[in-house]
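Participant: Structure provided below as structure tokens; questions to follow.
Where a number appears in this text, it was derived from the coordinates with a stated rule and is not lab data. Note that the structure is predicted; figures quoted are calculated from it, not measured. Because the Cβ atoms are built from the backbone with ideal geometry, glycine has one as well, and the counts that use them run over all protein chains shown.
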Amino acid sequence: MIVVTGATGNIGRPLTQALAEAGEQVTAVSRHAAAVPEGVPEGVRHVVADLADPASLAPAFTGAKALFLLLSGDLHAPGAGPGDLIGLAAAGGVRRVVLLSSQGVATRPLGATRVAMRALEDTLRGSGLDWAVLRPGGFASNALGWAESVRTQGMVAAPFGDVGVPVVDPADIAEVAAACLLEDRHTGGVYTLTGPQVITPRQQAQAIGAALGSPVGFRELTREEARATMTRFVPAELADDTLDIISAPNPAELRISPDVQRVLGRAPRSFDDWVERNIAAFR
């Protein structure tokens, strides 16, 4: 049995499907009583649990051999203490954990949320379990935050319109996670995951417009406007750390990582690939 947290999200959904299709028994964990993700074969068990309440996860861990650990936004805040989840998983019999961390742990180690994530990585390393750590950069799927304004106004509003980073497709993260959960050769691996090219928010808006067949405008937000929007969904510390990166990425954050190619044997998917698969959200 493999436990997937965040199973109804942009990474957990394709990961759950990939593991089930590989013949693995899967427990899909989400905070809300959502249906098992569409397209996942029958037999996937769905458990409602809140990572902020570790005891609620105990039923999911019973009989499990591996865990994909994706923290909810509130657990990225300093002082949240998600390390307890690793001890609870070990106590339930889990022997392998694949942790979704952040590229910023290496590139911005002094950011408040990065310090907390580094501490969680260190807890995992010292747990005695088999482990792998995934450190993605920005997600292509963050563009879904523009879907409503594209549908209703033909417009994308974002900060730092001409500053780019190599955003990664969540489907690539999911495939790398599946490999790390299933293959012993990835034990102890730390993988930085990016897309194949640097792309700016303005270029992303153009790509969406091209896929729609109609132009999509762009309005540049101030940092303050962007922060006000972000803090509706994530802790202020995480918003500030993210804005620091996307406003002025350093050379390490602009580097195209070879790790997707190393793990999967193919190049990472482009933003255009992601848009093509998700264009219905913008219509």
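Participant: Who wins for biggest fluctuation among A66, A22, A52 in a Gaussian network model of the chain, springs between alpha carbons below 10 Å?
Facilitator: Between A66, A22, A52, it is A22 that shows the largest mean-square fluctuation.
Participant: How would you order 127-133, 265-271 from highest to lowest mean count of nearby Cβ atoms within 10 Å?
Facilitator: Answer by packing, highest mean first, reads 127-133, 265-271.
Participant: Moving on to the next point. Let me know the charge dipole size of segment 182-283 about its Cα centre in debye, to the nearest 20, where only the beta-carbon of Lys, Arg (+1) and Asp, Glu (-1) is charged. All intermediate terms of the calculation are to be shown ahead of the outcome.
Facilitator: On the way: 12 positive and 14 negative charges, 75 e Å.
With Lys and Arg at +1 and Asp and Glu at -1, about 360 debye.
Participant: Further question on the same structure: Dipole size in debye (nearest 20) for segment 2-282 around its Cα centre, Lys and Arg Cβ +1, Asp and Glu Cβ -1?
Facilitator: Here the size comes out at about 200 debye.
Participant: So what is the 222 nm mean residue ellipticity for the chain from helices alone, if each DSSP H run of at least 4 adds -39500 (n - 2.57) and you divide by all residues, rounding to the nearest 500 deg cm²/dmol? Each step should come with its number before you reach the end.
Facilitator: Values: 13 runs with 110 residues, N = 283.
The per-residue figure over the chain is -10500 deg cm²/dmol.
Participant: For Q153 and T229, compute 0.36 nm times the residue count separating them, minus their Cα-Cα distance, and round to one decimal in nm.
Facilitator: The span from Q153 to T229 would gain 25.6 nm if fully extended.
Participant: What ranking do 171-183, 85-97, 227-239 get when scored by the average of other Cβ atoms within 10 Å per residue, highest first?
Facilitator: Details: 171-183: 22.8, 85-97: 18.4, 227-239: 15.8.
Descending packing order for the listed peptides: 171-183, 85-97, 227-239.
Participant: Note down the relative contact order for the chain as a percent, whole number, built from C-alpha pairs under 8 angstrom at least six residues apart.
Facilitator: Computed over the chain, the figure is 18 percent.
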